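Okay, so here's the structure we're looking at.
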Amino acid sequence: MLAFRLAAWQQFESMPWPTSTDEDWRRTRLTGFNLTKFKPFAVSSGRKSKAELAGLIQDELAEMDSSASMVFEDGSLRFSQANVDLGQSGIIFTDLESAVREHPELVQQYFMTQAVKPGHNKFTALHAALWDSGALIYVPANVRATLPLQIILNQMSAGVGGYHHTLLVAERGAEITVVDDLLGAQDGLQASVVELIIGDSAVVRYMNLQDFDHTAWNFLTGRAVMGRDADLRWIQVSWGSKLTKAYLDVELAGQGGHAELLGIYFPIGNQHIDHQTLQIHRAPHCFSDLLFNGALKDKAQSVYMGIIQVLKGAQKTDAYQRNGNLILDPTARADSIPGLEIQADDVRCTHGATAAQVEEEYVFYLMARGLSRAQAEHMIVQGFFQAVIDRVPVESVQHKLERVIERKIGG
């Protein structure tokens, strides 16, 4: 691992920083970003009991009915609990630091070798060199976990850099649900990586719930690699941060794969949220569906850039991509650039993007039935997000998203 880190650091130093001439970064600027301001975590302060965790974290743990939970604070594992005996089924759910010592063969085989590689971009190289907290989830063939696994990252110290990693490996016929909850990072940096490696006929439900402080810089690179007849539903939620740049890729490498990539974002104030997605169809008879809905208030900005890529031989592909934006203030801005790259001739691929304000006709209709203007607009915004929320597979997460939307609407 030391050799891996050193090689990644050399790669990081050799790569240029993104500029406004790069197509990926044309609409997202790193003005004011200085990596030297963020000190990486180095020393663990030890484990905590549940009573010693922050009240918000205790509430998060209590709200979700999970198989097991892990809480990371300031780059290290602080708390873990298992509500069921995962070891009996062969499921491995452990922090990445322990996995390097106890399961080196799995780490060597899967850690940044198949899904996200260090050279993917400047921030993945930095992450590979400096990763600190993280989880390894390994699900053996034909094993199914009925309750979700919960991972909470609470970046408590201000002005530091964090590098959180989630590595999920689901073998043939496995089934698992994982929830990543990301909090804190005041005046800080988080450069995280998510790797989902999904075997043949495996079913994965993954939720990444980002609610960082509005002073944080957030860079995420996530990629799922799917086998034959694999089934994925990925929920990406972006509430917080000063600036977010997220790369989200789904690669359907085996015939008959089924992938859903669903997103919610709601920037307010001066927040800037940028998602870039890639649906890669390598094999025939695969289906992918993308739906990203966002609302914007004040002077917030959002960027969505998505590509459906159908490679030669991926015949009978069925792929859909839609991005919807609800502009709640005339000073907010949403850029949406959907796209297709098709190299096969027997496919069905559609894409679309919308940006609109709240229709006065809808507001009038609701006010005519006794609601105030604020109540009417609230109901319209809630309904706009409901198309995504209804597809979230964990009920407690649905309720949490609804509460955050209410908080955002209320300012």
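All of the numbers you see were taken from the coordinates with simple rules; none came from a lab. Computed from a prediction, not measured in an experiment: that's the story for all the values here. Glycine gets a Cβ as well: all are built from the backbone with ideal geometry, and neighbour counts include every protein chain shown.
A few notes on this one:
- Calculated diffusion of the range 269-352, Stokes-Einstein form, Kirkwood radius summed over Cα pairs, 10 °C and 1.306 mPa s, µm²/s: 116
- Note on the range 165-287: Kirkwood hydrodynamic radius from all Cα pairs is 14.7 Å, rounded to one decimal.
- Proportion of all alpha-carbon pairs of the range 102-164 beyond 16 Å (%): 62
- For the range 2-358, averaging the sequence separation of C-alpha pairs within contact (under 8 Å, six or more residues apart) and dividing by the residue count gives a relative contact order of 11 percent.
- Average silhouette area of the range 40-83, convex hull of alpha-carbon atoms, in square nanometres: 3.3
- Per residue, the convex hull spanned by the Cα atoms of the range 2-358 measures out at 136 cubic angstrom.
- Order of ASP24, ASP74 under a 10 Å beta carbon neighbour criterion, fewest first: ASP24, ASP74
- Local net charge near GLN357, Cβ-Cβ under 13 Å (Lys/Arg +1, Asp/Glu -1): -3
- Straightening the chain between ALA344 and LYS48 buys 101.1 nm, computed as 0.36 nm per residue apart minus the Cα-Cα spacing.
- Gyration tensor over alpha-carbon atoms, the range 211-272, equivalent ellipsoid semi-axes in Å: 30, 11, 7
- Evaluated at q = 0.25 Å⁻¹: base-10 log I(q)/I(0), Debye formula over Cα of the range 1-41: -0.96
- Kirkwood radius and radius of gyration were both taken over the C-alpha atoms of the range 292-411, and their ratio Rg/Rh is 1.07.
- For the pair GLU402 and THR354, the difference between a 0.36 nm per residue extended length and the Cα-Cα distance amounts to 15.0 nm.
- Scattering profile of the range 343-404 at q = 0.13, 0.15, 0.23 Å⁻¹ [log10 I(q)/I(0), Debye over alpha-carbon scatterers]: -0.55, -0.67, -0.98
- The chain: calculated mean residue ellipticity at 222 nm from DSSP helix runs of at least 4, using -39500 (n - 2.57): -6000 deg cm²/dmol
- GNM remark for the chain: springs join alpha carbons under 10 Å apart, and the peak mean-square fluctuation among ASN270, ASN83, ASN323 falls on ASN83.
- Counting other Cβ atoms within 10 Å as a rough exposure proxy, the listed residues THR36, THR124 run THR36, THR124 from fewest neighbours to most.
- Near ILE409, once Lys and Arg are set to +1 and Asp and Glu to -1 for all other residues with Cβ below 9 Å from its Cβ, the sum equals +1.
- Computed over neighbours whose Cβ is under 10 Å from that of ASP231, the net charge equals -1, Lys and Arg +1, Asp and Glu -1.
- Residue with peak Gaussian network fluctuation, the chain [Cα springs, cutoff 10 Å], from GLY313, GLY370, GLY240: GLY370
- Taking PHE38, PHE212, PHE72 in turn, the Gaussian network model of the chain (Cα-Cα springs below 10 Å) assigns the largest fluctuation to PHE38.
- Counted over the range 94-227 with a bin width of 10 Å, the fraction of Cα pairs per bin, in whole percents, is 13, 43, 35, 9, 1.
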